[in-house]
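Quick notes on the structure that follows.
The values are calculated or read from the model by the stated rules, or taken from the named source; none is laboratory data. Just so we're clear, the structure is a prediction, and the values are computed from it rather than from any experiment. Because the Cβ atoms are built from the backbone with ideal geometry, glycine has one as well, and the counts that use them run over all protein chains shown.
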Amino acid sequence: MSLGIVRGDVWTVTLDRPERANALSAELVEALHGVLDEAASARPEALVLRGNDRHFAAGFDLGGSPRRPMPRWRCASCGSGCCSSG
């Protein structure tokens with residue numbers, strides 16, 4: 001599992017888990033959150049999210065480790081699970 005990242009004015013983030021059709025695991029979601037947090041600070045002109053191989057993403061990897069729960073999505077505006085700031 002990895003994220004390929006090309007930085008500059010336009011960031012390209014590649015989901016690189018072709019053996020699982022780029023399905024999102026807890027680890028991949030955490031890594032993606034880290035990249036998005038970094039992008040929020042760096043403020044690139046654009047961020048392109050793509051999948052490696054034939055698939056963009058098959059969704060969440062339901063066959064992932066039961067020991068690690070899937071992280072909750074958080075709002076970029078207020079940092080909670082649901083935006084009430086607007």
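With respect to the conditions (1) part of a loop (DSSP other than H, G, I, E, B); (2) farther than 22 Å from S25 by Cβ; (3) modelled with pLDDT of 85 or more, F56 lacks only one, and its number is (2). Say we look at the range 1-46 and pick out the residues that are at pLDDT 85 or above and among the basic types (K, R); which of these is farthest from A57 (Cα to Cα)? In this case the residue turns out to be R43.
Listed residues V13, V48; which is in contact (Cβ under 8 Å) with a residue 12 or more places away in the chain, loosely packed, with under 12 Cβ neighbours inside 10 Å and in a strand (DSSP E or B)?
V48
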